[in-house]
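The values are calculated or read from the model by the stated rules, or taken from the named source; none is laboratory data. Keep in mind that this is a model prediction, so the values were computed, not measured. Quick reminder, even Gly has a Cβ in these numbers, built from the backbone with ideal geometry, and neighbours come from all protein chains shown. Surface areas here come from the heavy atoms of the whole protein model, side chains and all, with no ligands, DNA or RNA. Shrake-Rupley method; radii C 1.70, N 1.55, O 1.52, S 1.80 Å.
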Amino acid sequence: FIPFKPGDVLAVDDPEIKLTRYRLLAAGFFSKARISLRRGSERGKAIVTVVVVERNTIIVDHVAMGVAADENSNGHSELLSPYFGLGVAETNLAGRGMRLNAGVAVAADQWAMNSGFTDPSIFGSSWSFDSTLYYVDGRDFFGTKEVSFESPLLSQQSVTDYAVVDYKRFGGSVGAGHDLSLQSHLSFGYRIEKVDAVVPIVASHVRGLRREPIRFHILNGDSVLSSIHAAITYDSRNRPFLPTSGTVAALRGSLGLTPIGSNYGYQKLEARYQQWWTLPWGHIASFETQAGLVHGDAPFFERFFVGDFTEVLPGRILGINPDRRQPPNLFNTAIEEVRYGDYAASLVGEYRVGLYEGHSSIYGIDLFGRVGLYSVASHRDLTDPATGYEGAARVPVDLTYNLGLRIETEVGGFSLAFSNLLGLLPGHGGNRK
């Protein structure tokens, strides 16, 4: 991670010194990093000194837990079942900076697991290598109101108000990457997976005020998803989990190509931008925006899910979706008709207040609040909006918000958020038609 070599010309105020320190901290190997210059053996020469404090490299990669919910005909949430997800990683395998991770997620009648390996320097070169392997045994729920369906599986008939797709996915990916600068990284790769789905024979629901067929966006029986992807990222954060300054920007594109064996031909583009500032009184403000579009025959799990944009619903965990609710509808728009979309965008602001800063097992605790707008829509929502909505209400947009604690520890960073609990309160979903 150190870009300096003997013979380089370096000034005391060179910005690369500061950026290199940020890069060391962002790597996750160190709790502290300090870079300084001292006098060399003769005039015009200097010695670069790097002092680091190692942190635990076996970390909890992610934790997700909560209670999935359904909703009754009045739009009130009804508790369904708990869900849980856990991922762990060794981020410095054999002291070579290699990463080995594994994760598992469990919900009612669903489970998933994955594993991954990353080598940041293949054979000591400037190229990185990564690979993943995953399995998903899931089910998803389709339809908004007054759902009617026939399924090959009798067990699915017991699920009220929803048409259910049971599916299994098994696959993996391989990729490579290369640093373009201290802050920029280019990556690309190939992914292939086998999909086995049981799709209802016929299904319809009431969309707006009119009964229409349900579109599941997945093939019945066996199919193959084969795709290539590429991404470019820029990261100048000064800390990996509780940054106080810096920027993260990313652009990612995916192509599902039938010439390389895919049953799904589609294009997907995603963009994200985040910025952090330290205010004069010491609090942290940040701004985040993201947008994406999908064109073609992408399966539903490659489309944009509302739970990944509104923080009042749980998002997907390792590919499974435990929650059956439609999104909240605080603005009384057509967002309540949407579950998966071809287009998505969000604009969110966050305010953080530091509550504790330490140097041993807990590095920091911050109180945070978030609020913003998001929109998820299918192509049809734009060309043929659901009936029953007038004017601006035809646009599927709504409010998202969150409140909680962010905790950075020796074994990873955690967020204790409360927005999903608020979503379980009676009447929180907004007015339903």
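Below are the figures for this structure:
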quantity	calculated
Region 14-61 and region 97-127: distance between their alpha carbon centers, rounded to Å	27
Spatial separation of Cα centroids for region 272-289 and region 378-405, in angstrom	27
Mean ellipticity per residue at 222 nm, deg cm²/dmol - from DSSP H runs of n ≥ 4 across the chain, formula -39500 (n - 2.57)	-1000 deg cm²/dmol
In degrees, nearest ten, helix 15-26 long axis to first principal axis of the chain (Cα)	50
Alpha-carbon centroids, region 333-358 and region 218-247: separation in whole Å	17
Efficiency of FRET between VAL104 and TYR351 - r from beta-carbon atoms, R0 35 angstrom, step 0.05	0.55
Heavy-atom SASA rank of TRP127, TRP281 (probe 1.4 Å, accessible area, largest first)	TRP281, TRP127
Taking all pairs of distinct alpha-carbon atoms in region 28-118, Kirkwood radius in angstrom	17.4
Proximal charge balance of ARG21 [Cβ under 13 Å; K/R count +1, D/E count -1]	+4
Positive-end extreme of charge dipole, the chain - chosen from HIS62, THR118, PHE30 (charges on Cβ)	PHE30
For region 262-301, projected area of the alpha-carbon convex hull averaged over all directions, nm²	3.8
Per-residue SASA entry for PHE216, accessible area with 1.4 Å probe, Å² rounded to 10	20
Most positive-pole-ward Cα, LEU242, VAL147, PHE170, against dipole of region 136-260 from beta carbon charges	LEU242
Whole-percent carbon and sulfur share, accessible surface of region 185-279, 1.4 Å	63
With 10 Å bins from 0: P(r) over region 165-207, alpha-carbon pairs, percent	20, 25, 22, 18, 13, 2
Around ILE201: net Lys/Arg minus Asp/Glu count, Cβ-Cβ under 14 Å	-2
Electrostatic dipole magnitude of the chain [Cβ: Lys, Arg +1; Asp, Glu -1; Cα centre; debye, to 20]	1100
Inter-site label distance for PHE287 and VAL67 at 7 Å from Cα along Cβ, in nm	3.9
Computed over the chain: relative contact order in percent, which uses C-alpha pairs under 8 Å that are six or more apart	12
Calculated log₁₀ intensity ratio I(q)/I(0) where the Debye formula runs over C-alpha points of the chain, q = 0.06, 0.08, 0.12 Å⁻¹	-0.29, -0.51, -1.11
Cβ-derived FRET efficiency at R0 25 Å, VAL51 paired with ASP8, nearest 0.05	0.80
Solvent-accessible area of ILE122 with every protein chain in place, 1.4 Å probe, in Å² to the nearest 10	50
Where labels lie 7 Å past Cα in the beta-carbon direction, separation of SER131 and LEU373 in nm	4.6
Per residue accessible area of the chain, 1.4 Å probe, in Å²	49
